[in-house]
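Trainee: Here's a structure for you.
No value in this document is a laboratory result; all are computed from the given coordinates. Computed from a predicted structure; not experimentally measured. Positions of Cβ are generated from backbone atoms using ideal geometry, with glycine treated the same way; all protein chains shown enter the neighbour counts.
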Protein chains: 2
Amino acid sequence: MPKIDGTRLLADLRALARIGAYKTGVHRPTYSKEDMESREWLMQRMRDAGLEPEMDGIGNVIGRTPGNGPKLLLGSHIETQPHAGWLDGAMGVIYGLEVARAFAADPACAGLGIEVAAWADEEGHFGNFLGSKSFCGQLSEADIDASANKYDGTPLRDALAAAGLAGRPRLTIDPGRYRGYLEAHIEQGADLENNSLRIGVVSAIVGSRQHRIVFEGVQNHAGTTKMAIRKDAGVALVQLAAAIYESFPRLAAPRTVWTCGRITLDPGSPSIVPGGAEMLFQFRDTDPVLLDSLSATLDRLVAEANAGPCKVTCIRTSTSVPTPMDAAFQQALENAAETLAAGLHQRMPSGAGHDAQILATRIPSAMVFVPSIGGISHHWSENTSDEDLVLGCAVFAKAAKNILLR
Amino acid sequence: MPKIDGTRLLADLRALARIGAYKTGVHRPTYSKEDMESREWLMQRMRDAGLEPEMDGIGNVIGRTPGNGPKLLLGSHIETQPHAGWLDGAMGVIYGLEVARAFAADPACAGLGIEVAAWADEEGHFGNFLGSKSFCGQLSEADIDASANKYDGTPLRDALAAAGLAGRPRLTIDPGRYRGYLEAHIEQGADLENNSLRIGVVSAIVGSRQHRIVFEGVQNHAGTTKMAIRKDAGVALVQLAAAIYESFPRLAAPRTVWTCGRITLDPGSPSIVPGGAEMLFQFRDTDPVLLDSLSATLDRLVAEANAGPCKVTCIRTSTSVPTPMDAAFQQALENAAETLAAGLHQRMPSGAGHDAQILATRIPSAMVFVPSIGGISHHWSENTSDEDLVLGCAVFAKAAKNILLR
């Protein structure tokens with residue numbers, strides 16, 4: 001079996017984390033100086049590993065391997081959320097690099113091709129899965145024209161030009177080239193840790209539905225306006241949110257999640273009856289039928305809310321469909337996990353989105369999770385034990401070999 | 001009876017509204033260039049009316065009258081909320097000026113003294129009722145040292161110096177000088193208009209209790225954190241607010257009001273389970289026993305909320321006690337209203353705070369309301385019909401004479 005070099009793996013992860021280091025984490029936004037430096041660093045590491053790297057017009061870095069044998073694509077992303085962790089994305093890319101090196105050093109893997117990808121902007125500084133969508137033929141030039149940095153408004157075109165990527169061709173997938181795609185990632189939750197497990201085999205990536213719910217009432221003086229004649233948009237919001245929190249548990253599966261992440265009242269002054277209010281509400285599950293049932297309930301609650309004094313409008317702002325992972329790949333990952341960590345693995349959905357859900361639209365794809373200490377991610381204190389980092393890569397390598405040898 | 005000159009009254013109101021005009025309203029924040037210009041303008045109008053004006057070290061303008069007869073103090077404020085209306089405060093001050101002029105012109109009022117005050121910063125740009133509190137001996141030098149502009153943080157001392165008021169003495173009340181204090185104001189609600197009434201005799205100014213309620217949970221990824229282990233501060237907030245909205249109506253009197261004017265979730269991101277949340281909540285009534293009962297209910301609901309996964313803390317940020325208006329003055333106002341607008345008046349509480357609640361701590365005080373068109377105030381479109389403006393002043397003058405002749 002291809003032999004992972006744990007010391008080399010950890011050294012590369014730490015070297016990459018120094019580019020844009022922030023406390024014990026990393027600040028490496030898409031197309032920033034640090035992001036581009038990390039892509040150049042990765043290309044050099046790929047060359048050292050015998051891969052032939054190329055950076056394309058959206059910033060994807062893909063390390064190819066010559067030869068005509070069966071090939072597997074491994075990857076993730078290397079830009080980060082602002083002031084975030086050192087492993088989210090980076091781990092999956094360095095796993096791919098390490099597996100490629102291990103295959104190259106193992107005569108038993110001769111002819112088996114490992115290629116490695118770092119997809120641009122998985123973290124959505126400018127869009128949603130820009131790099132993997134581009135590679136899978138799902139990002140048009142018009143999409144690029146329309147995109148801008150969500151923090152500072154910089155047009156994507158300007159950011160690409162500043163990063164030296166303007167005019168460079170974009171690479172697109174040849175589905176016939178690959179057996180499929182594997183991605184490793186930190187869990188970003190605490191389920192593995194809480195159950196003392198070391199490996200998660202992802203069964204599906206959840207679908208999500210995001211909404212902006214707008215409440216229109218009448219702004220009034222909070223001292224002089226009798227309760228009976230108020231049209232308080234904040235009251236309407238609280239009552240709808242409370243109704244959602246009461247109804248959703250009755251429909252939910254064990255892994256269904258729903259979240260109101262933002263509430264604003266307008267004008268937001270202590271002595272003014274709010275004339276407007278807004279909430280952002282999302283829910284996620286792996287079952288499209290359940291998602292439809294939740295949508296129907298949300299629609300019904302919004303309709304009921306409109307019987308009150310305020311106008312309530314629910315706008316679906318984004319939708320992603322649940323993506324089951326390839327069954328045979330799941331089995332290969334589970335077999336590898338059972339060999340290397342018997343009884344310490346589980347199948348589980350991914351509650352977060354990943355590039356694998358885009359790749360899965362073109363080639364068989366699957367994912368493996370390693371534990372996140374305390375379930376923390378998108379924060380500079382994000383971490384995973386060295387032992388789990390090394391074990392996860394060994395499982396990844398073993399599964400990759402089994403998939404290529406089928 | 002002293003004869004009000006409606007044309008002169010309206011002309012003065014319109015002249016004052018031109019200082020800091022904004023659309024059909026006024027932007028004249030406390031101690032701004034426009035505010036100070038309006039105080040100088042008022043002092044000149046006072047001189048023209050035979051009063052002896054003085055501006056003191058907090059910006060109060062007080063127009064005194066010589067003579068030893070009984071005196072009544074009439075007033076309100078002339079600074080405005082940002083981009084607000086032309087009548088809130090200004091009307092009460094110009095009513096005082098017009099009544100002083102009408103008394104001076106009426107031989108039947110010889111020896112009856114009308115004095116006029118424009119209190120500084122009733123609108124709370126720097127504090128709460130700075131001017132009337134200063135006049136009533138309830139504002140210390142330390143209070144002034146500690147105050148700052150709530151919009152831009154300018155220290156009150158700096159604002160006073162920039163307005164040319166540094167080092168000027170502050171005037172304080174000689175309670176023996178006055179029979180009492182009368183204040184006229186727009187209703188700032190729609191109760192008079194909705195009931196086709198033209199005059200409101202204020203029975204009491206409500207007391208209010210304001211709170212900041214803080215919710216502490218744990219911030220998490222909205223996709224990867226199972227519902228069962230979440231400590232969602234936003235959910236805790238919504239559930240407490242819903243419980244308040246359910247409980248308070250069962251305790252409330254017809255005029256009790258309660259308002260949540262602001263809600264914030266931290267960090268306020270669509271895909272992050274809020275780790276923190278905060279709401280501003282206030283209630284008002286004229287009955288101190290009812291206020292205590294509402295406080296006890298709020299305390300109980302907060303205690304119950306603490307049985308959930310988040311820590312909930314309720315901080316009382318301000319308290320004002322209900323202030324009954326002087327019974328004899330109310331009767332004088334009601335008699336005058338019945339004479340001039342038979343059947344078109346009512347007694348009613350003031351749901352908003354006014355300088356009269358401060359003056360009432362030192363001398364008998366009362367208030368009269370005129371209708372607000374559409375109930376609108378604290379907005380540039382605030383307005384009252386010319387007929388109602390003139391009628392209100394006539395009632396005010398008649399009541400003043402009756403009070404002084406008792």
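Trainee: So if I place +1 on the C-beta of Lys and Arg and -1 on the C-beta of Asp and Glu, and nothing else carries charge, what would the dipole magnitude of the stretch B:207-320 be about its Cα centre? I want it in debye, nearest 20.
Mentor: Rounded to the nearest 20 debye, it is 100 debye.
Trainee: Long-range amide H contacts for A:ARG64: which residues qualify at under 5 Å (H placed 1.01 Å from N, peptide plane, sequence gap of 5 or more or a different chain)?
Mentor: Amide H to amide H, under 5 Å and 5 or more residues apart or across chains, A:ARG64 pairs with A:GLU52, A:GLU54.
Trainee: In a Debye calculation with equal point scatterers on the alpha-carbon sites of the stretch A:273-406 and no solvent, what is log10 I(q)/I(0) at q = 0.11, 0.13, 0.22 Å⁻¹?
Mentor: -0.60, -0.76, -1.37
Trainee: Measuring label to label, 7 Å along Cα→Cβ, what does A:GLY57 give against each other copy in nm, shortest first?
Mentor: Label-point separations across copies, in nm and ascending: 7.4.
Trainee: If packing is taken as the average count of other Cβ atoms within 10 Å, what order do B:354-362, A:270-278 fall into, highest mean first?
Mentor: B:354-362, A:270-278
Trainee: While we're here: Take peptide B:240-247, look around each residue's Cβ out to 10 angstrom, count Cβ atoms belonging to other protein chains, and average those counts.
Mentor: The per-residue average across the peptide is 4.
Trainee: Given N residues in the stretch A:69-146, what is its alpha carbon radius of gyration divided by 2.2 N^0.38 Å?
Mentor: Relative to the 2.2 N^0.38 Å estimate, the stretch A:69-146 comes out at 1.31.
Trainee: Quick one: order A:THR384, A:THR224, A:THR65 by neighbouring beta-carbon count within 10 Å, fewest to most.
Mentor: A:THR65, A:THR384, A:THR224
Trainee: What number comes out for the charge environment of A:LEU171, summing +1 per Lys or Arg and -1 per Asp or Glu over other residues with Cβ under 12 Å away?
Mentor: 0
Trainee: Here is a further query. Any idea what angle helix B:33-48 forms with the longest principal axis of chain B, computed on alpha-carbon atoms, 0 to 90 degrees, nearest 10?
Mentor: 30
Trainee: Considering every Cα-Cα pair within the stretch B:119-226, what fraction, in whole percent, is farther apart than 19 Å?
Mentor: Result for the distance tail: 66 percent.
Trainee: When the Karplus curve 6.51 cos²θ - 1.76 cosθ + 1.60 is applied with θ = phi - 60°, which whole-Hz ³J(HN,Hα) does each residue of the stretch B:113-128 get, with x for Gly and Pro?
Mentor: x, 10, 10, 10, 10, 10, 6, 7, 6, 4, 6, x, 5, 10, x, 10
Trainee: Also, quick follow-up: Quick check on chain A: of the DSSP beta bridges with both residues there, what percent are antiparallel, nearest 5%?
Mentor: Counting DSSP beta bridges with both partners in chain A, the antiparallel share is about 70 percent.
Trainee: Let me ask something else. List, shortest first and in nm to one decimal, how far the label point of B:ARG8 (7 Å from Cα along Cα→Cβ) is from its counterparts in the other copies.
Mentor: 10.0
Trainee: Follow-up. Antiparallel versus total DSSP beta bridges in the protein assembly as shown: what percent is that, nearest 5?
Mentor: So the antiparallel bridges amount to about 70 percent of the total.
Trainee: Same structure again: Once the label point is placed 7 Å from Cα along Cβ, list for A:LYS33 the distances to the corresponding points in the other copies, in nm, shortest first.
Mentor: Counterpart label points of A:LYS33 in the remaining copies fall at 4.2 nm.
Trainee: Can you give me the C-alpha center-to-center distance between the stretch A:205-248 and the stretch B:350-406, rounded to a whole angstrom?
Mentor: Using only Cα atoms to place each centre, the spacing works out to 35 Å.
Trainee: Count, for each residue of B:187-196, the Cβ atoms from other chains sitting within 10 Å of its Cβ, then give me the mean as a whole number.
Mentor: Partner-chain Cβ atoms within 10 Å, mean over residues of B:187-196: 3.
Trainee: Run the helix sum for chain A: -39,500 (n - 2.57) per DSSP H stretch of 4+ residues, divided by residue count, reported at 222 nm to the nearest 500 deg cm²/dmol.
Mentor: When only DSSP H runs of four or more count, the value is -11000 deg cm²/dmol.
Trainee: Of the candidates A:GLY261, A:GLY92, A:GLY63, which one comes out as most mobile in a Gaussian network treatment of chain A with C-alpha springs shorter than 10 Å?
Mentor: Looking only at A:GLY261, A:GLY92, A:GLY63, the biggest GNM fluctuation is shown by A:GLY261.
Trainee: Could you tell me which of the pairs A:LYS231/B:LYS311; B:LYS3/B:LYS401; A:LYS150/B:LYS231; A:LYS226/A:LYS311; B:LYS23/B:LYS398; A:LYS23/B:LYS311 are separated by over 23 angstrom between their Cα atoms in the structure shown?
Mentor: Check vs 23 Å cut-off fails for A:LYS231/B:LYS311; A:LYS150/B:LYS231; B:LYS23/B:LYS398; A:LYS23/B:LYS311.
Trainee: To the nearest whole number, what is the average tally of beta carbon atoms from other chains within 10 Å of the beta carbons of peptide A:226-236?
Mentor: 4
Trainee: For chain B, find the longest principal axis of its Cα atoms and tell me its angle to the long axis of helix B:327-340, 0 to 90°, nearest 10.
Mentor: Relative to chain B, helix B:327-340 is tipped by roughly 70 degrees.
Trainee: Let me ask something else. With N residues in the stretch B:170-316, what two-decimal value do you get for its Cα radius of gyration over 2.2 N^0.38 Å?
Mentor: Normalised by 2.2 N^0.38 Å, the Cα Rg of the stretch B:170-316 equals 1.43.
Trainee: Could you quote the convex hull projected area for the protein assembly as shown, Cα atoms only and averaged over all directions, in nm²?
Mentor: Reported value for the Cα convex hull: 38.1 nm².
Trainee: Near A:SER318, within a Cβ-to-Cβ distance under 11 Å, what is the net charge of the other residues, with Lys and Arg +1 and Asp and Glu -1?
Mentor: Neighbour charge sum, excluding A:SER318 itself: +3.
Trainee: May I pose another question? Calculate the radius of gyration of the Cα atoms of chain A to one decimal place, then report Dmax, the largest Cα-Cα distance, as a whole number, both in Å.
Mentor: Final numbers for Rg and Dmax: 23.4, 84 Å.
Trainee: A follow-up question, please. Among the aspartates and glutamates, which fall within straight-line cross-link reach of B:LYS33, defined as a Cα-Cα distance under 13 Å, with same-chain neighbours fewer than 8 residues apart omitted?
Mentor: B:GLU79
Trainee: Return one number: the angle in degrees, 0 to 90 and rounded to the nearest 10, between the long axis of the Cα atoms of helix A:90-105 and the longest principal axis of the Cα atoms of chain A.
Mentor: 20
Trainee: Let me ask something else about it. Would you report the distance distribution of C-alpha pairs in the stretch B:1-52 as whole percents per 5 angstrom bin, up to the bin with the largest distance?
Mentor: 5, 19, 22, 24, 17, 9, 4, 1
Trainee: Under 10 Å, Cα contacts only: if you run a Gaussian network model on chain A, which one of A:GLN219, A:GLN188, A:GLN44 comes out with the highest mean-square fluctuation?
Mentor: Of A:GLN219, A:GLN188, A:GLN44, the Gaussian network model singles out A:GLN219 as fluctuating most.
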